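The values are calculated or read from the model by the stated rules, or taken from the named source; none is laboratory data. Quick caveat: nothing in here was measured; it's all calculated off a predicted structure. Neighbour counts are summed over all protein chains in view; Cβ atoms, including those assigned to glycine, are modelled from backbone coordinates with ideal geometry. With ligands, DNA and RNA removed, areas are computed over all heavy atoms of the protein, side chains included. Shrake-Rupley method; radii C 1.70, N 1.55, O 1.52, S 1.80 Å.
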Amino acid sequence: MTTNNTAKKINFAPRFFVFAAIGLSIIIWLIYGFFQYISPPKVEWGSLNSSFSAEAVIIRNEQIVTSTNYGTLDCLTAEGSFVYEGTAVADLYLSDYSQSDIESLVTTRQEIKNYQSSNILKNIVYDDLEKINDEIDSLIDEITQLAMDNRFREIPTKDNELQVLLEQRRRYMNENLTSDSHLDKLFQQEEVNLEKINESLISMHAPSDGIVSFFLDGMENYLNYEFLQNMTNNEYETMKKILNENITATNLGMDSKVNINQAVYRIVEPNLWYAVMKVPRSKNTLVTGQSYMVDFDGYEYGYVNGTVEFIIDAGRDVILVMRFTEDIGTMATLRTVTCNFGDTAEGFKVPREYITYEDGVFGIFVKDGGKKFVPVNVLAQDNTHVIVSTADKGNPLTAGQRLVKPD
């Protein structure tokens, strides 16, 4: 009897190897995860992206100038002009003001000029006077071109320059040309007209250096730095509701009627302003005290550097308050605008729960023969990680250091 001892060959299906590979991967992953769990994390080099957009409310450092009487406004400076403290910004003509007084003054001064030119100057050439006349002609051309281009907001400044030159020419002629009885009579009439006009005129001046703006929305006295310091989530929501439903914008200009105690214009500090915005907590990577480059829609200077003044808790959201010390530009007249963040912070990346705050500084603990505190600067953060840099050159942070959780 013959026995067959040949072993039966076993064939494995291809899917067996697939499942075996998957199973082995799971085992390796579990073993790796276990050792990672029992082993403290290390300092790594990484980055966080803070790219998002939010609607920002612009809050300015500004002073409001109000009318002390009823009257008609005459703007002396153009919208957006920089003025120094004490500069005449606008004139207010009171109710007893008469346009005929102005017309009479203009007529009298024209008669004086014509009489001096025709009867006294004659063939004598005064170089200084010719120079003034040339400047006057040039300004008249500029004003005419501005009117043709519909750039009416720039005309008051040029018109004010023209009035200064006309007064300069008048005084020059009066002081350098010989007078006679007829000219004396015209001078007396001029003084009478001036007195009548000045009695009906209130000049309004700049209370400080800054940018002039006749655009007002009625929120200037409400939205200020004091409001920011005391702002809560409820205050923020109330502010947004008022801005969306009850804001009344004004745009005063030449010949506008002004009531008593009415806000007429603002003097805006050009290098101190704020932006307030609410963003989802999960998106925010910004840190109080740190500076970031942002872009506002419509801001003519492109990216602008701002510092996070403080961050206010708002449940699932946070309210960011950013301070800017660069030229305010178009932000002088905007109240709400879209703010775009597109910055990426790069540095040492550590889990958020390992950051601690001791003796007024942020820091982390690392394993270095024991437990060593390393001061750091916080650059960015999200819900899980923080990007930091070394704050003390004598106590540097390096990638690969083992982290120790704070007590």
Two-site FRET efficiency, residue 249 against residue 208, from Cβ-Cβ distance with R₀ of 25 Å, rounded to 0.05:
0.60
Along the Cα→Cβ direction, 7 angstrom out, place labels at residue 407 and residue 45. What is the inter-label distance in nm?
3.5
Largest first and rounded to whole Å, the semi-axes √(5λ) derived from the alpha carbon gyration tensor of the range 272-407 read 33, 15, 12
Provide the solvent-accessible area of residue 214, counting protein heavy atoms only and rolling a 1.4 Å probe, rounded to the nearest 10 Å².
0
Accessible solvent surface per residue of the range 231-307, calculated while the other protein chains remain in place, 1.4 angstrom probe, Å²
50
Work out the FRET efficiency for residue 230 and residue 188 from their Cβ-Cβ distance, taking R0 = 60 Å, and round it to the nearest 0.05.
0.50
At the level of C-alpha centres, the distance separating the range 302-334 and the range 381-407, in angstrom, is 27
Here the Cα Rg-to-2.2 N^0.38 Å ratio for the range 342-385 is 1.25
So between residue 353 and residue 305, what do we pick up on full extension, going 0.36 nm a residue minus the alpha carbon distance?
14.4 nm
With each pseudo-label sitting 7 Å past Cα toward Cβ, what's the residue 291-residue 82 distance in nm, one decimal?
2.0
